[in-house]
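Only one structure is covered here, and it is reproduced in the block below.
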Amino acid sequence: MSKKGKTVRIIVWSILFVVVFAVSALIRVQTLGSAPMKLLKVDWNETVGTEYLNMQYENDGGHKYDLYIPKAADEKEKNQLILYIHGGSFNSGAKEDGAAWCKYYASKGYITATMDYTLQKKGVDANLNLLNEQVKSCVKAINEKCTELGYVLDGMATCGVSAGGTLAMNYAYKCAETSAVPVKFVFQLAGPSDFEPSEWSLLKRVNKIQSDTEFLKWMTGVDITDEMLASGEYNKYVDEISPARLVNENSVPSLIGYGLKDHAVPASSRTILLDSLQKSGSVYKYYEFPRSNHGMYNDLDVLQEFLDESVEWCRVYF
């Protein structure tokens with residue numbers, strides 16, 4: 001087979017893989033009725049809490065956040081915040097994806113919020129350092145709004161799924177003490193933890209990224225040259241955006257979960273993060289989803305355990 005023929009075959013198989021993965025995920029959701037969301041379902045009404053939708057925070061994209069105040073919140077006592085950050089490969093998704101999560105934890109008595117952030121598209125700078133600053137700005141706005149409403153925030157947890165899990169970890173590991181509301185712990189599912197470009201061939205194909213240097217600029221915001229790539233200088237910039245490289249002995253506790261059949265996030269994201277958490281000596285707990293792909297559909301029993309554990313962590317660390 002000619003070189004051109006091999007290239008065409010690779011492209012066709014790559015497209016076929018993405019299509020099959022997307023269709024199978026959609027079929028799975030329709031078959032189960034979005035089963036994971038059923039575990040989060042809450043009969044939300046005014047007796048449970050109050051929602052403040054499309055609230056503003058300082059950013060260049062006009063992004064907003066939604067805030068949920070439970071009836072159990074006490075204006076005279078200190079309260080805790082859980083910030084959900086949506087996923088979507090950094091190029092899709094919306095704050096509304098976190099509504100069920102917010103209502104679930106608000107029903108447990110915690111103030112919750114879900115936010116929008118800049119999505120990665122051609123010609124748009126949405127590097128992970130910038131997104132981290134947006135999270136920081138949003139937390140500041142949430143704190144100010146809660147103060148305005150008469151609620152004192154004593155601590156917070158960041159959480160998210162997939163890309164949102166990455167942003168949740170980055171903020172928790174980088175900004176725990178400088179955050180407007182101190183971060184006490186982080187919990188996430190299927191979040192990429194390392195951005196070594198050689199591990200991200202699928203994401204590069206989906207986003208039509210032609211080279212490792214382009215991918216690195218996409219993720220770090222820095223113009224990485226071929227020389228920097230060859231010398232290893234690029235690593236210091238990848239260090240700034242990779243949760244597994246940010247973990248140290250002072251990191252906040254981490255509750256994490258990964259599917260062993262995940263085709264969207266490289267297996268290395270799981271193994272590298274677990275290795276870093278173990279070597280750092282920081283507190284963590286890991287849940288393994290042995291039968292699940294990226295959506296955790298095939299291990300609902302494990303997902304229930306994860307959710308129960310996250311509520312227990314709220315009791316322990318808040």
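The values are calculated or read from the model by the stated rules, or taken from the named source; none is laboratory data. A quick note: this is a predicted structure, and the numbers were derived from the prediction, not measured. Here the Cβ is made from the backbone with ideal geometry for all residues, glycine too, and neighbour counts use every protein chain on show. When the accessible area is computed, the model is the full protein with side chains, heavy atoms only, and any ligands, DNA or RNA have been set aside. Shrake-Rupley method; radii C 1.70, N 1.55, O 1.52, S 1.80 Å.
General observations
- Residue count for the range 122-140 under the criterion of being touching a residue at least 12 places away in the same chain (Cβ under 8 Å), over 15 Å from the mean Cα position of the chain (by Cα) and open to solvent by 40 Å² or more (accessible area, probe 1.4 Å): the result is 3.
- The residues of the range 126-167 that are acidic (D, E) and part of a helix (DSSP H, G or I), listed by number, are E133, E144, E148.
- Selection within the range 209-241: residues that are assigned to a loop (DSSP other than H, G, I, E, B) and exposed (fewer than 13 other Cβ atoms within 10 Å of the Cβ). The member of this set that is modelled with the lowest pLDDT is Q210.
- Filtering the range 263-302 to residues that are over 30 Å from E177 (Cβ atoms), open to solvent by 10 Å² or more (accessible area, probe 1.4 Å) and either among the polar types (S, T, N, Q) or at pLDDT 95 or above (or both) leaves E288, P290, R291, N293, N298, L300, D301, V302.
Yes or no, residue by residue, for (1) buried (at least 20 other Cβ atoms within 10 Å of the Cβ); (2) at pLDDT below 80; (3) in contact with a Leu (Cβ under 6 Å, 6 or more places away or on another chain):
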residue	(1), (2), (3)
I15	no, yes, no
V23	no, yes, no
Q30	no, yes, no
Y57	yes, no, no
G62	no, no, no
Q80	yes, no, no
F90	yes, no, no
K95	yes, no, no
A106	yes, no, no
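- Residues in the range 246-256 include at least one that is assigned to a helix (DSSP H, G or I) and at pLDDT 95 or above.
Residue by residue, here is whether (1) in a loop (DSSP other than H, G, I, E, B); (2) crowded, with 17+ Cβ neighbours inside 10 Å holds:
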position: Y173; (1), (2): no, yes
position: T178; (1), (2): yes, no
position: F185; (1), (2): no, yes
position: S193; (1), (2): yes, yes
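- Only one of the listed residues (D299, D275) is under 23 Å from F185 (Cβ atoms), touching a Ser or Thr at 6+ places or on another chain (Cβ under 6 Å), among the charged types (D, E, K, R) and without any contact (Cβ under 8 Å) to a residue 60 or more places away in the chain. That residue is D299.
- Selected residue (criterion: nearest to the chain's Cα centre (by Cα)) from residues of the range 87-102 that are assigned to a loop (DSSP other than H, G, I, E, B) and either hydroxyl-bearing (S, T, Y) or more than 19 Å from W218 (Cβ to Cβ) (or both): S89
- Of all residues in the range 43-78 being part of a strand (DSSP E or B) and among the hydroxyl-bearing types (S, T, Y), the one that is nearest to the chain's Cα centre (by Cα): Y65
- Taken over the range 220-271, the residue count meeting the criterion of being at positive phi and without any contact (Cβ under 8 Å) to a residue 40 or more places away in the chain is 1.
- Residues located in the range 248-262, provided they are open to solvent by less than 50 Å² (accessible area, probe 1.4 Å) and in contact with a strand residue (DSSP E or B) (Cβ under 8 Å, 6 or more places away or on another chain): V252, P253, S254, L255, I256, G257, Y258, G259
- Pairs with Cβ under 6 Å, 6+ apart, first in the range 94-121 and among the β-branched types (V, I, T), second open to solvent by 30 Å² or more (accessible area, probe 1.4 Å): T118/G61
- Scanning the range 144-158 for any residue that is open to solvent by less than 10 Å² (accessible area, probe 1.4 Å) and farther than 24 Å from K285 by Cβ turns up at least one such residue.
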